[in-house]
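**Student:** The structure is given below, and queries will be raised subsequently.
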Amino acid sequence: MGTDYSKVKSASFKEPGFSAGILIGYKVKSFFTETGIIISHKYYSSEGNMFNDQDASMPSGMIIDNLESHSKIWEIPLKAGYYFYKKKNTNLFITGGAALYIMTREKNNYNVTMNGNPEKMVGLYEKNSLKIPAVFSISAGWEHYLNGQLKIRIEPVLKLPLQGIGVGRLPVTSAGIQIGITGRLK
């Protein structure tokens, strides 16, 4: 689980979202792979010129000035990692990978110009959209053994867009810190 700060291009990061999920992995010596499922809530804003209205049912004559969005996304990551520092109780690692996104809910608050008049509109989209792969992620992290089987893990992560998401196909960049408990299955 962790924080999720998201933004589109040069816009600023909005209020923090959050993510939580479960991962499973496989380790051989200093190398490992992981996959799983994560649910994320993302908050971001965008200028209207970044919004691709090709798939949107917008009224003719409407110009989107800007928007704020709240999205609920199921993420399925696939990443590979390497432990570059291993001691008795502490490990440091790096990872890289990609993830697909399944957007299950998107709410956009639009500031628009309609026939020369400024207006506010709200769009609620609950049709699932699948993006494969949606982001490339990189991270570095720290693990510390709590006992012989369990470790606490702190992992700053950066997710860079490979394609736009949502109704407007916005290129959303996310960053945050993931914190978790890991253990070995036998």
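The values are calculated or read from the model by the stated rules, or taken from the named source; none is laboratory data. Quantities reported herein were computed from a predicted structural model and do not represent experimental measurements. Glycine gets a Cβ as well: all are built from the backbone with ideal geometry, and neighbour counts include every protein chain shown. Note: accessible area is taken over every heavy atom of the protein model, side chains too, but ligands, DNA and RNA are not part of it. Shrake-Rupley method; radii C 1.70, N 1.55, O 1.52, S 1.80 Å.
**Student:** With the radius of gyration and the Kirkwood radius both derived from the Cα set of region 91-132, what is their ratio Rg to Rh?
**Tutor:** Values: Rg = 18.2 Å, Rh = 13.8 Å.
So for region 91-132, dividing Rg by the Kirkwood Rh gives 1.31.
**Student:** Return the carbon/sulfur percentage of the accessible area of region 34-120, one whole number, probe 1.4 Å, all protein chains in place. Numbers along the way, then the final one.
**Tutor:** Working: 2340 of 4500 Å².
Of the solvent-accessible surface of region 34-120, carbon and sulfur hold 52 percent.
**Student:** How far, in nm, would the chain grow between Ala140 and Lys127 when pulled straight, counting 0.36 nm per residue and subtracting the alpha carbon separation? Please report the intermediate quantities before stating the final value.
**Tutor:** Numbers: separation 13, 0.36 × 13 = 4.68 nm, distance 3.41 nm.
So the chain would gain 1.3 nm between Ala140 and Lys127.
**Student:** Would you kindly give the portion of the calculated P(r) for region 98-186 that falls above 15 Å, as a percent of all Cα pairs? Present the calculation step by step, with values, prior to reporting the outcome.
**Tutor:** Values: 2796 of 3916 pairs.
Percentage above 15 Å: 71.
**Student:** Moving on to the next point. Report the FRET efficiency, 1/(1 + (r/R0)^6), for Asn147 and Leu100, where r is their Cβ-Cβ distance and R0 is 35 Å, rounded to 0.05. Don't skip to the end; give the middle numbers.
**Tutor:** Working: r = 35 Å, r/R0 = 0.99.
Working from the Cβ atoms, E equals 0.50.
**Student:** Note down the net charge around Leu124, summing +1 for each Lys or Arg and -1 for each Asp or Glu among other residues with Cβ under 12 Å from its Cβ. Don't skip to the end; give the middle numbers.
**Tutor:** On the way: positive: Lys72, Arg105, Lys107, Lys127; negative: Glu106, Glu126.
Taking every Cβ under 12 Å from that of Leu124, the sum is +2.
**Student:** Quick check for me: using +1 on Lys/Arg Cβ and -1 on Asp/Glu Cβ, what's the dipole size of region 1-73 about its Cα centre, in debye to the nearest 20? Working shown, then result.
**Tutor:** On the way: 7 positive and 8 negative charges, 99 e Å.
Rounded to the nearest 20 debye, it is 480 debye.
**Student:** Please express the shape of the chain as an equivalent ellipsoid: the semi-axes are the square roots of 5 times the eigenvalues of the C-alpha gyration tensor, given largest first in whole angstrom. Present the calculation step by step, with values, prior to reporting the outcome.
**Tutor:** On the way: eigenvalues 292, 40, 33 Å².
Each semi-axis is √(5λ); the values are 38, 14, 13 Å.
**Student:** Rounded to the nearest percent, how much of the accessible area of region 145-186 (1.4 Å probe, protein heavy atoms only) is carbon and sulfur?
**Tutor:** 64 percent
**Student:** Quick one: work out Rg over Rh on the C-alpha atoms of region 58-155, Rh as Kirkwood radius.
**Tutor:** Working: Rg = 21.4 Å, Rh = 17.1 Å.
We get a ratio of 1.25 for region 58-155.
**Student:** About the Cα centre of the chain, what is the dipole size in debye to 20, counting +1 per Lys and Arg Cβ and -1 per Asp and Glu Cβ, all else neutral? Walk me through the numbers on the way to the answer.
**Tutor:** Details: 22 positive and 14 negative charges, 242 e Å.
For this selection, approximately 1160 debye.
**Student:** When a/c reaches 1.5 or more, the comparison of a/b and b/c decides; with that in mind, is region 5-46 rounded, prolate or oblate per its Cα gyration tensor? Write down the numbers at each step before the final one.
**Tutor:** Numbers: a/c = 4.56, a/b = 2.37, b/c = 1.93.
Prolate, since a/c reaches 1.5 and a/b exceeds b/c.
**Student:** Next up: From the gyration tensor of the Cα coordinates in region 136-183, what semi-axes in whole Å does the equivalent ellipsoid have, largest first, with each one equal to sqrt(5λ)? Can you show the working numbers first?
**Tutor:** On the way: eigenvalues 197, 17, 10 Å².
They are 31, 9, 7 Å, listed largest first.
**Student:** If a/c stays under 1.5 just call it rounded; otherwise compare a/b with b/c (prolate if a/b is bigger, oblate if not). Do that for region 1-97, with a ≥ b ≥ c from the square roots of the Cα gyration tensor eigenvalues. Present the calculation step by step, with values, prior to reporting the outcome.
**Tutor:** Working: a/c = 3.10, a/b = 2.68, b/c = 1.16.
Note, shape of region 1-97 comes out prolate.
**Student:** Taking amide H atoms as placed 1.01 Å from N in the peptide plane, list the residues 5 or more away in sequence, or in a different chain, whose amide H sits under 5 Å from that of Arg169.
**Tutor:** The list, which skips near neighbours in sequence, is Asn52.
**Student:** Further, regarding this structure: Using the basic label-point model (7 angstrom from Cα toward the beta carbon), what is the Ala80 to Val28 distance in nanometres?
**Tutor:** Those two pseudo-labels are separated by 1.1 nm.
**Student:** Sticking with this one: With unit charges on the beta carbons (Lys and Arg positive, Asp and Glu negative) and the dipole taken about the Cα centre of region 83-151, which residue among Ile94, Tyr83, Ala140 sits farthest to the positive side?
**Tutor:** Tyr83
**Student:** How large is the accessible surface per residue of the chain, computed with a 1.4 Å probe and reported in Å² as a whole number? The partial results should precede the final answer.
**Tutor:** Working: 10550 Å² over 186 residues.
Counting only protein heavy atoms, the per-residue value for the chain is 57 Å².
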